[in-house]
Every structure is written in structure tokens, then in C-alpha cells.
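The values are calculated or read from the model by the stated rules, or taken from the named source; none is laboratory data. Since the structure is predicted, the reported quantities are computational estimates derived from the model, not experimental observations. Heads up, the Cβs are rebuilt from the backbone with ideal geometry, glycines too, and the neighbour counts pull from every protein chain shown.
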Amino acid sequence: MEQQQQFKILIADATHQDFAQIIVDEMESSAKARGTGIAKRSPDYIKEKMREGKAVIAFTEDGIWAGFCYIETWSHGEYVANSGLIVSPPFRKSGLAKLIKKNIFQLSRKTYPESKIFGLTTGLAVMKINSELGYEPVTYSELTQDENFWAGCKSCVNYEILMSKDRKNCMCTAMLYDPKDHYEPEETTQDFKKHSKLYERFMRIKQWKLLAPFMKHHAEGHEGSAKSANNGVRHKSFFHSFFHF
Ligand SMILES: CC(C)(COP(=O)(O)OP(=O)(O)OC[C@H]1O[C@@H](n2cnc3c(N)ncnc32)[C@H](O)[C@@H]1OP(=O)(O)O)[C@@H](O)C(=O)NCCC(=O)NCCS
């Protein structure tokens, strides 16, 4: 019987800085392979996160780098994002992303107990992991409005779409854990199980809807601009966030 790979998950520190380049390279090549957008990070930025103890790094038992994720704070600490999740390709699909996310979530809760924790993702795997931690899908209006956070999207291929939607929607699904107002992880896990097929379809429809004006724009040679309605009201419905076309 094949033996299950074991991993060491550590809070990163200055001793891990030599891994910054390989992490950044893997983030970029994975985004290219998926054909999705990504906010680019520099090796120096990753090193800073390591020195500050605001990152989690994973290794195999033999010391081979296997995965990474870091913490960012926005709106003067009102919000925390767990960003840059990456698992090295040979170690995917063995539960490592789940372990890393659990550890970075615990580190975030401990370091910033009052902060709302959020993430943006185009992937169903990450939606599933987040749901198991108690995150729920939300509209972009419920995320930080810190300019510096959104400036990070400038290097993403979908930035034009984000701006055409007044920063209210894009390819990514937003998910949030609010320590003061959240579902229990059992509830969000159940919701995801029950609706994952629908979520997958909504994500496809949403991406098609968001891309359509740009396809048209290229065909007709003029810019499409559809303003999405958003009254900023928080609806306690998992589906609400998908309908902001
Ligand atoms: C997305 C990524 C982090 C997942 O890492 P991983 O270690 O393979 O994930 P896990 O093994 O912990 O899987 C978690 C769950 O998601 C599922 N999953 C993993 N990859 C999946 C995929 N491509 N599509 C659908 N589900 C997937 C797993 O089956 C697992 O579900 P289970 O609990 O029912 O077994 C990894 O593929 C990666 O680094 N991709 C490139 C970077 C990226 O997309 N980062 C996320 C940015 S938001």
C-alpha cells in the first residue's frame, strides 16, 4: 500500500527566505497553467512576510518545499486576507492546501482576533476549503475598500473587468469569515456540499457574463460598461453574491 505523504507546516521566519523565489515562480507558472489572473508578488514581498511571521510554509519530511500562504492586513487591521495559497504540483490533491489554510486561519485568528478574514478565489477547491473553515460567499462590497488592496489586482489579467464593474464584481468569488457574525463551519460545510454543483455553474455563468461585454467590445470596437446594482445591504444568503453581474 502506498504510504501517505506527511508534511511539516511551520510559521515562516527569516530562515525560510531562500524559498521566496521558488514560491513566486510557482505562483506565476500555476496561474499561467490555469489561464487565470493573479496579483503578482515579488520575492522581496514574500521575504518580508516571512520575517514578520505572517506566513505559513510547508515542507515534506525530507525538507522539500511543498506549499505556502501569507497574511495581509487592510483597512487598518479591520480586515485580514489569507493570500497567495500555493501547493507545489507534486504534492497536490493530498490535503496539503487544506492543512495550510487551516494553519494560516488559526494564525490570523490568534494575531488579529477582531479582524474579518477574507479571500478571493476562482477555484472550487479553495471555496471548499474556505467553507470548511466557516467562510461564506459575499459580495465585493463586504470586503475591504482599502485602495492598496485593490491596487494589488492591477497586475491581474482581469483588472479591466474589475474596473468596468466599479470594483463590485470580477472573476473571483469573494468569501468572508466575520468573527462577530458568522455561520458555524458545520453549516457552511453543509451548504457547500449541498450546493457545490450550483456554485460551479454560477461561477461559469458569472465568468461568461463578465467576459461577454469584453468580447463584444473587441468585436464592435467600443467599450462596454454595465454598472452593477449594489445597495450595500448584507443579505444572509449564500447565493446573493453570485448575482452581481
Ligand atoms: C488550489 C490548490 C492550492 C489546491 O491544493 P491541494 O493541496 O491540491 O488541495 P487539497 O488536497 O487540500 O484539496 C482540498 C479539497 O479540494 C479538492 N480539490 C483539489 N484540487 C481541486 C481541483 N483542481 N478542482 C476541484 N477540487 C479540487 C480536493 O479534492 C479536496 O476535497 P476533499 O476534501 O473532498 O478531498 C493547488 O491546486 C494550487 O496550488 N493551485 C495553484 C494555485 C492556486 O490556484 N491557488 C489558489 C489561489 S486562490
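Within region 134-183, the residues that satisfy the criterion of being among the acidic types (Asp, Glu) and farther than 21 Å from Tyr112 by Cβ are Glu160, Asp166.
Among the residues of region 179-209, those identified as among the acidic types (Asp, Glu) and surrounded by fewer than 17 Cβ atoms within 10 Å (Cβ to Cβ) are Asp181, Glu184, Glu186, Glu187, Glu200. The numbered conditions (1) in a helix (DSSP H, G or I); (2) hydroxyl-bearing (Ser, Thr, Tyr); (3) in contact (Cβ under 8 Å) with a residue 40 or more places away in the chain are all true for Thr15 except (3). The residues in region 83-136 that are of a type in the set (Lys, Arg) and either within 7 Å of the ligand (Cβ to nearest atom) or out of contact with any strand residue (DSSP E or B) (no Cβ under 8 Å at 6 or more places or on another chain) (or both) can be counted, and the count is 6.
Would you say Glu28 is at pLDDT below 95, within 13 Å of the ligand (Cβ to nearest atom) and at negative phi? Considered against the rule, which asks whether it is at pLDDT below 95, within 13 Å of the ligand (Cβ to nearest atom) and at negative phi, Glu28 comes out as yes. Restricting attention to region 56-82 and to residues that are aromatic (Phe, Trp, Tyr) and surrounded by 21 or more Cβ atoms within 10 Å (Cβ to Cβ), the residue that is nearest to the ligand (Cβ to nearest atom) turns out to be Phe68. Restricting the first member to region 135-150 and to residues that are within 15 Å of Met163 (Cβ to Cβ), and the second to residues that are hydrophobic (A, V, I, L, M, F, W, C) and buried (at least 21 other Cβ atoms within 10 Å of the Cβ), the beta-carbon pairs closer than 7 Å and six or more apart or on different chains are Tyr140/Ala174; Phe149/Trp74. With the condition kept exactly as written, say whether any residue in region 57-70 is at pLDDT 95 or above, in a loop (DSSP other than H, G, I, E, B), more than 21 Å from Ala33 (Cβ to Cβ) and within 19 Å of the chain's Cα centre (by Cα). No; the residues of region 57-70 include none that is at pLDDT 95 or above, in a loop (DSSP other than H, G, I, E, B), more than 21 Å from Ala33 (Cβ to Cβ) and within 19 Å of the chain's Cα centre (by Cα). Pick from region 31-55 the residues that are modelled with pLDDT of 95 or more and among the charged types (D, E, K, R): which of them is surrounded by the fewest Cβ atoms within 10 Å (Cβ to Cβ)? Looking at the filtered set, the residue picked out is Asp44. Checking each residue in region 100-120 for being within 14 Å of the chain's Cα centre (by Cα) and among the small types (Gly, Ala, Ser) picks out only Gly119.
Of all residues being part of a loop (DSSP other than H, G, I, E, B) and among the hydrophobic types (A, V, I, L, M, F, W, C) in region 119-156, which is surrounded by the fewest Cβ atoms within 10 Å (Cβ to Cβ)? Just the residue, please. Applying the filter and picking the extreme gives Cys156.
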